[in-house]
Amino acid sequence: MTTLSFVLLAALPGADQKAPAKPAAPPARVTVTAPTACLHCSFGEGEDCALCLKLDDKTPVLLDGKAAKPFFASRLDGKVVVAEGTLALSKDKRLVLTCDNVHAYSDKDKAPEKGKVRVAGTACCGSCDLNVCDECTLAVANGALPVVLDGKLAAGHAEAKEGQTLTAVGRLFRDKRGLLRLQADSADLKKKDK
């Protein structure tokens, strides 16, 4: 190619423009029902005491936000609470639920049972959209931390661009690769209402 060819190619419309950035997925709505615990005292993590929920012996979910503050003093009581908000990873790779609602669990609650998590958000495919699974697997887009379903109910395909929502309830865990997974007891996939 000659120098003139390069100049002409550079002059083409859009030649100097980058592909538009893909918008970040909106955060999913996460509801956790679990006993309170201390991240430092119960799990031996961190330098100071911090309020968390104990999903199991290996999985703490750190609670953040004004709604969680009243439960800090009783964090070692193991009181079962329901916390709702958005789930993300902290700088040190810990699960953090930024809460807008935390209350004591009661039998009349429409929350998941103790130790379970409900995730509701934009449905996507763990293979086609996220490129983290070998085959089509249902997942919930959640900002930089998607939640991929696991178990019998995980098999399936959903695309965010089709406007589907997924609400799933189950046991939250991190797999060997560090991927956030939900061993689903129930999964409800439906079109978004317009």
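The values are calculated or read from the model by the stated rules, or taken from the named source; none is laboratory data. The structure displayed is predicted, hence computed values, not measured ones. Backbone-built Cβ (ideal geometry, glycine too); neighbour counts: all protein chains shown.
Is it the case that Lys110 is more than 24 Å from Leu189 (Cβ to Cβ) and outside any strand (DSSP E or B)? Judged against the criteria, Lys110 is not a match. Number of residues in region 132-148 that are modelled with pLDDT of 90 or more and not in a loop (DSSP other than H, G, I, E, B) equals 7. Restricting attention to region 150-190, the residues that are in a helix (DSSP H, G or I) and modelled with pLDDT under 90 total 3. Here is the figure for region 98-118: residues that are surrounded by fewer than 17 Cβ atoms within 10 Å (Cβ to Cβ) and of a type outside the set (Ser, Thr, Tyr) total 10.
Looking across region 119-146, the residues that are closer than 21 Å to Ala184 by Cβ and within 10 Å of the chain's Cα centre (by Cα) come down to Val119, Ala120, Gly121, Ala139, Val140, Ala141, Asn142, Gly143, Leu145, Pro146. Test Asp92 against the criterion of being assigned to a loop (DSSP other than H, G, I, E, B) and under 22 Å from Val147 (Cα atoms), and give yes or no. Taking the combined requirement at face value, the residue satisfies it. Within the span defined as region 119-131, every residue fails to be part of a helix (DSSP H, G or I) and either modelled with pLDDT of 95 or more or buried (at least 18 other Cβ atoms within 10 Å of the Cβ) (or both).
Restricting Leu95, Leu76 to residues that are over 25 Å from Lys191 (Cβ atoms) and surrounded by 18 or more Cβ atoms within 10 Å (Cβ to Cβ) narrows the list to Leu95.
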